[in-house]
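Colleague: I'd like to ask some things about the structure below.
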């Protein structure tokens, strides 16, 4: 008999080619599954709430897995942190109902994107974790651009082209820019029921161009209506993007759960 667990994982994406296991390159999934295999005595598949790209970080990535019933959440938490590499850390472990899946069961996901507008953003102690833009942005234009994408839309214009999807509609419940402390720039916070590949980075790249007055704010609703990514700005660099959290139904947890 097996138990289902949810790991809340933090990682610095600088040393990874992404979450998903690949034929070449170091991945977060492979590192987590290697640790789980040592604990279970057999291969264990880990499912993440989202598939971050190379260089993208996580503060609260939900990862589900099944392990032998002898494991308790508290013991698993300690054991995993003794095995995962130094650029990963398991913040918490929760027991979940049978059938729970970190991606399929997620009700909402949240990301943030940090942009450095001051000269010190080029420091080696900052540029791994933010976009070292080094130029001032117009906060009013950023706010207007974010307001234009809030709600439910077809985000075809902000998605990388790949395998066709059944639809490109996403419902954004949060989309806002806020100043970062000490004049370090701006932070974009966004939450939605689902995200498309490169969607947040393409939104940020286009909104930053609007904030630099390189394109009109009116381009945001125009792009949404047109559903073509040919006129969308290039995606923002990966290092400024952070997966913040996934939200699940409280009934999915075997014990009472308070959101972090």
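Just so it is clear, none of the values below were taken in a lab; they were calculated from the coordinates. Computed from a predicted structure; not experimentally measured. Here the Cβ positions follow ideal geometry from the backbone for every residue, glycine too, while neighbour counts run over all protein chains shown.
Colleague: Could you list, in sequence order, all residues of segment 231-244 that are exposed (fewer than 15 other Cβ atoms within 10 Å of the Cβ) and under 24 Å from residue 180 (Cα atoms)?
Modeller: If the condition is that a residue be exposed (fewer than 15 other Cβ atoms within 10 Å of the Cβ) and under 24 Å from residue 180 (Cα atoms), then 234 is the only one that fits.
Colleague: Restricting to segment 245-260, name every residue that is surrounded by 15 or more Cβ atoms within 10 Å (Cβ to Cβ) and not in a loop (DSSP other than H, G, I, E, B).
Modeller: 245, 246, 247, 252, 253
Colleague: Another question about this same structure. Restricting attention to segment 38-66, report how many residues are touching a helix residue (DSSP H, G or I) at 6+ places or on another chain (Cβ under 8 Å), assigned to a strand (DSSP E or B) and more than 16 Å from residue 10 (Cβ to Cβ).
Modeller: Within segment 38-66, residues that are touching a helix residue (DSSP H, G or I) at 6+ places or on another chain (Cβ under 8 Å), assigned to a strand (DSSP E or B) and more than 16 Å from residue 10 (Cβ to Cβ) number 2.
Colleague: Here's something else I'd like to know. Kindly provide the set of residues from segment 148-173 that are out of contact with any helix residue (DSSP H, G or I) (no Cβ under 9 Å at 6 or more places or on another chain) and within 14 Å of residue 190 (Cα to Cα), ordered by number.
Modeller: 150, 151, 152, 171, 173
Colleague: What are the residues in segment 101-127 that are farther than 30 Å from residue 3 by Cα and in a loop (DSSP other than H, G, I, E, B), if any?
Modeller: 117, 118, 123, 124, 125, 126, 127 - these are the residues of segment 101-127 that are farther than 30 Å from residue 3 by Cα and in a loop (DSSP other than H, G, I, E, B).
Colleague: Are any residues in segment 171-202 in a helix (DSSP H, G or I) and within 14 Å of the chain's Cα centre (by Cα), and if so, which ones?
Modeller: 199, 200, 201, 202
Colleague: Taking the residues in segment 138-170 that are assigned to a loop (DSSP other than H, G, I, E, B) and touching a strand residue (DSSP E or B) at 6+ places or on another chain (Cβ under 6 Å) as candidates, determine which candidate is surrounded by the most Cβ atoms within 10 Å (Cβ to Cβ).
Modeller: Top of the filtered list is 155.
Colleague: When segment 2-37 is examined, which residues are found to be part of a loop (DSSP other than H, G, I, E, B) and at positive phi?
Modeller: The answer is 25, and nothing else.
Colleague: Does any residue of segment 87-100 turn out to be part of a loop (DSSP other than H, G, I, E, B) and free of Cβ contacts under 8 Å to residues at least 60 places away in the same chain?
Modeller: Looking for residues that are part of a loop (DSSP other than H, G, I, E, B) and free of Cβ contacts under 8 Å to residues at least 60 places away in the same chain, one finds none in segment 87-100, hence no.
Colleague: Follow-up question, since we're still on this one. How many residues are exposed (fewer than 12 other Cβ atoms within 10 Å of the Cβ) and either without any contact (Cβ under 8 Å) to a residue 60 or more places away in the chain or farther than 23 Å from residue 185 by Cα (or both) if we restrict to segment 211-230?
Modeller: So the count comes out to 4.
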